[in-house]
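I have placed the structure first, in the form of structure tokens, so that the comments after it can refer back to it.
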Amino acid sequence: MKGLFITFEGTEGSGKSTQISLLAERLRREGHRVLTLREPGGTPIGEEIRHTLKHSTANAAMTPEAELLLMNASRAQLVREVIRPALAEGEMVLCDRFYDSTTAYQGYGRQLDLGMVRQMIEVAVGDTRPDLTLLLVVPADVSEQRRLARQATLPFVRDRMEEGDRAFFERVARGYQAIAAAEPNRVCVLDATGKVEEVQAAIWRAVEARLRNRGGQVSCQRKP
């Protein structure tokens with residue numbers, strides 16, 4: 001049986017990394033083979049691109065167009081080198097961000113032409129699409145607080161993608177809202193302001209429903 005492709009999305013500080021680890025553990029206990037990935041990255045080429053995009057001291061002058069192309073270059077490699085083979089082998093693939101991030105961050109956040117953004121995504125992913133996308137939502141002030149707290153604990157690790165102003169991240173959040181509204185059968189919107197255990201339980205309900213009814217409707221409580 002073909003594997004299941006689950007992506008996690010959300011603005012900064014939404015708790016994606018924690019929840020991916022928890023879901024991976026639960027799926028493994030249920031007897032599934034699980035592969036966890038992140039974007040940009042996930043391959044040797046992708047990790048080099050990730051450094052250029054996020055952490056390099058030489059990336060200050062990067063244009064939104066260059067950012068878009070680099071994101072999708074990393075994605076194209078990841079899809080062909082890792083994701084498609086894993087799904088063909090029946091693995092559960094959990095990815096921290098995928099093409100919805102590009103629509104939200106480069107399309108809405110950087111205000112690039114959405115048609116151009118979609119064309120670049122099409123080149124990168126072809127027909128490889130998530131079976132389920134878990135969109136973890138937190139208010140703008142919570143996201144900002146968590147982002148600043150994380151930066152304070154990692155003072156030597158610069159992340160260029162976190163350097164946007166509040167208006168930028170508000171546009172990103174609106175982008176995610178538009179994505180969820182356009183694809184309600186794929187994108188499950190979850191309130192991530194609660195306790196880790198509460199978010200974990202909501203995620204499992206959505207994933208369990210998808211496992212029972214592959215290709216069917218997402219069953220989850222949708223919250224703005």
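Proximity of backbone amide H atoms, modeled 1.01 Å from N, is registered between Val189 and Leu135, Lys223 at under 5 Å, excluding neighbours fewer than 5 places apart on the same chain.
Sequence-ordered 3J(HN,Hα) estimates for segment 49-60 from the Karplus curve with 6.51, -1.76 and 1.60 and θ = phi - 60° stand at 5, 4, 4, 4, 5, 9, 10, 5, 6, 9, 9, 4 Hz, glycine and proline given as x. Near Leu35, the amide H atoms lying under 5 Å from its own belong to Met92, Val93, Leu94; only residues 5 or more places off or on other chains count, and H is placed 1.01 Å from N. Put simply, the C-alpha atoms of the chain give a gyration tensor, and the ellipsoid matching it has half-axes of 26, 21, 17 Å, longest first. Here the label points at Ala181 and Glu89, each 7 Å from Cα along the C-beta direction, are separated by 4.1 nm in the simple model. Couplings 3J(HN,Hα) of segment 10-17, computed from phi: x, 6, 4, x, 8, x, 4, 4 Hz, in residue order, whole Hz [Karplus 6.51 cos²θ - 1.76 cosθ + 1.60, θ = phi - 60°; x for Gly and Pro].
Note on the chain: with a GNM built from Cα contacts shorter than 10 Å, the maximum mean-square fluctuation among Leu78, Leu190, Leu22 falls on Leu22. Peptides 129-140, 46-57, 160-171 ranked from most to least packed give 129-140, 46-57, 160-171, packing being the mean of other C-beta atoms within 10 angstrom over each peptide's residues.
In this Cβ point-charge picture (+1 for Lys and Arg, -1 for Asp and Glu), the chain has a dipole of about 500 debye about its Cα centre.
Sum -39500 (n - 2.57) across every DSSP H segment of at least 4 residues in the chain, then divide by the residue count to get the 222 nm mean residue ellipticity, nearest 500.
My calculation for the chain gives -14000 deg cm²/dmol from helical runs alone.
Sequentially through segment 196-213, phi angles give Karplus couplings (6.51, -1.76, 1.60; θ = phi - 60°) of 3, 5, 5, 5, 4, 5, 5, 4, 5, 4, 5, 5, 4, 5, 5, 5, 6, 9 Hz, Gly and Pro residues having no value and appearing as x.
At q = 0.12, 0.16, 0.17, 0.18 Å⁻¹, work out log10 I(q)/I(0) for segment 1-83 with the Debye formula, treating every Cα as an identical point scatterer and leaving solvent out; two decimals please. Summing over Cα pairs of segment 1-83 leads to -0.44, -0.74, -0.82, -0.89.
For a quick check of your reading of the filter: which GluC sites (Glu not before Pro) in segment 71-103 sit in a DSSP loop and have no more than 13 other Cβ atoms within 10 Å? Working shown, then result.
Working: sites: Glu81, Glu89, Glu91; in loops: Glu89, Glu91.
When the GluC sites (Glu not before Pro) of segment 71-103 are filtered for loop state and at most 13 Cβ neighbours within 10 Å, Glu89 remain.
Which residues in segment 19-61 have a backbone N closer than 18 Å to a point placed 7 Å from the Cα of Leu211 along the Cα-to-Cβ line? Answer for segment 19-61: 19-37.
A short reminder: the numbers here are calculations on the coordinates, not readings from a lab. Predicted, not measured: the structure shown is a model, and the values here were computed from it. Methodologically, a virtual Cβ is constructed for each residue, glycine included, from the backbone with ideal geometry; neighbour enumeration extends over all protein chains shown.
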